[in-house]
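Reviewing the structure listed below.
The values are calculated or read from the model by the stated rules, or taken from the named source; none is laboratory data. The structure presented is a predicted model; accordingly, all values stated were derived computationally and were not measured. Cβ placement follows ideal geometry from the backbone for every residue including glycine, while neighbour counts extend to all protein chains displayed. Surface accessibility is based on the protein's heavy atoms, side chains included, excluding ligands, DNA and RNA. Shrake-Rupley method; radii C 1.70, N 1.55, O 1.52, S 1.80 Å.
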Amino acid sequence: MASAGNSVIDRATVERIVRQVALEYLGRGSNGKAPELVVQASSRHMHVCREDMDVLFGPGTELTVQKPLFQEGFYAANETVTIVGPRSRIISNLRILGPMRKESQVELAFTDAIMLGFSDLPIRISGDIKGTPGAVIVGPKGVVELKQGVIRAAIHVHMNPKEAAYFGVKQGDMMKLRVGGASGLTFNKVHVRIDAGSKLNVHMDTDEANACGLHLTKDVEIFK
Ligand SMILES: [Zn+2]
């Protein structure tokens, strides 16, 4: 502490301290470094509700963990199902991602959708399934007819509030994702999804990943 006779701090020092505190609060740290960005392709998958789990795998059964996902608490399950599309074409080994959800949902890449006979699958944020097509789902113990819930998931970025403050974005905003490399491209409509437990992470489907050559490069950047 400064002594009583020497307690006046000059304006520049005050500004420096305020800036330091503000930057640390916003998660930038003293060097203003961007948080590390992980971009991943999500293969087609299903989220299952308790009621459908009971029918597909048997009453009271639980999902079992095959592999934890990058986002804390989420995992690829050992359990898989078969989806039957509108023209009786099927995809088997459709993996379930855990934990269970309030409503069942199937996320397909557009190529998967066309193969199954969905000619115009809507692009939706996960969980927003009102008015979307349904499908028949076959499990080892039973069959469920989903009335709705088949979507192409919109490309999105998960982040926590500190990371959102760093980028200056809020829930529902759109960002851009630039992917470098041999067939690189920039996605202009990346939905921002903020959650306290999230780590900075873009999810795209396999069509998008193949189009931009995601596997060819580590040169990725997200911006407003
Ligand atoms: Zn995601």
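Quick notes on this structure:
- What the phi angles of the stretch 42-54 give under the Karplus curve with 6.51, -1.76 and 1.60, with θ = phi - 60°, is a coupling list of 9, 5, 3, 7, 10, 10, 10, 8, 4, 5, 6, 4, 4 Hz, glycine and proline written as x.
- Integer Hz, Karplus 6.51/-1.76/1.60 couplings in order for the stretch 179-194, x for Gly and Pro: 10, x, x, 4, 10, x, 7, 10, 8, 9, 10, 9, 6, 8, 10, 9
- Environment charge at LEU146 (Cβ cut-off 12 Å; Lys +1, Arg +1, Asp -1, Glu -1): -3
- Charge dipole (debye, nearest 20) of the chain; +1 at Cβ of Lys and Arg, -1 at Cβ of Asp and Glu: 380 debye
- Cβ crowding within 10 Å averaged over residues, with 114-125, 133-144 ranked highest first: 133-144, 114-125
- For the chain, convex hull volume per residue from C-alpha positions, Å³: 160 Å³
- Charge dipole (the stretch 95-166, unit charges on Cβ, about Cα centre) - positive-most of GLN105, LEU121, VAL150: GLN105
- To put it simply, the accessible area of the stretch 48-205 at a 1.4 Å probe is 54 percent carbon and sulfur.
- Dimensionless Rg/Rh of the stretch 113-219 - Kirkwood Rh, Rg from C-alpha atoms: 1.04
- 12 Å beta-carbon shell around ASP112, net charge (K/R +1, D/E -1): 0
- Dipole magnitude of the stretch 78-128, debye to nearest 20 (Cβ charges: Lys/Arg +1, Asp/Glu -1, about Cα centre): 80 debye
- Amide hydrogen neighbours beyond the local backbone of ASP205, cut-off 5 Å, H modeled: SER42
- Dipole-positive endmost among ILE9, SER198, PHE187 within the chain (Cβ charges, Cα centre): ILE9
- Under-5 Å amide H pairs with LEU185, H placed in peptide plane, nonlocal only: VAL179
- Phi angles across the stretch 127-144 convert, under the Karplus curve 6.51 cos²θ - 1.76 cosθ + 1.60 with θ = phi - 60°, into 3J(HN,Hα) values of x, 9, 10, 4, x, 8, x, x, 6, 9, 10, 10, x, x, 10, x, 10, 10 Hz, Gly and Pro given as x.
- Solvent-accessible area per residue, Å², over the stretch 87-224 with all protein chains present [probe radius 1.4 Å]: 50 Å²
- Computed [θ] at 222 nm, deg cm²/dmol, the chain (DSSP H ≥ 4; -39,500 (n - 2.57); rounded to nearest 500): -5500 deg cm²/dmol
- Nonlocal amide H pairs with TYR75, under 5 Å, H built at 1.01 Å: LEU69, GLY98
- The chain: angle of helix 11-25 to the longest principal axis, Cα-based, in degrees nearest 10: 20 degrees
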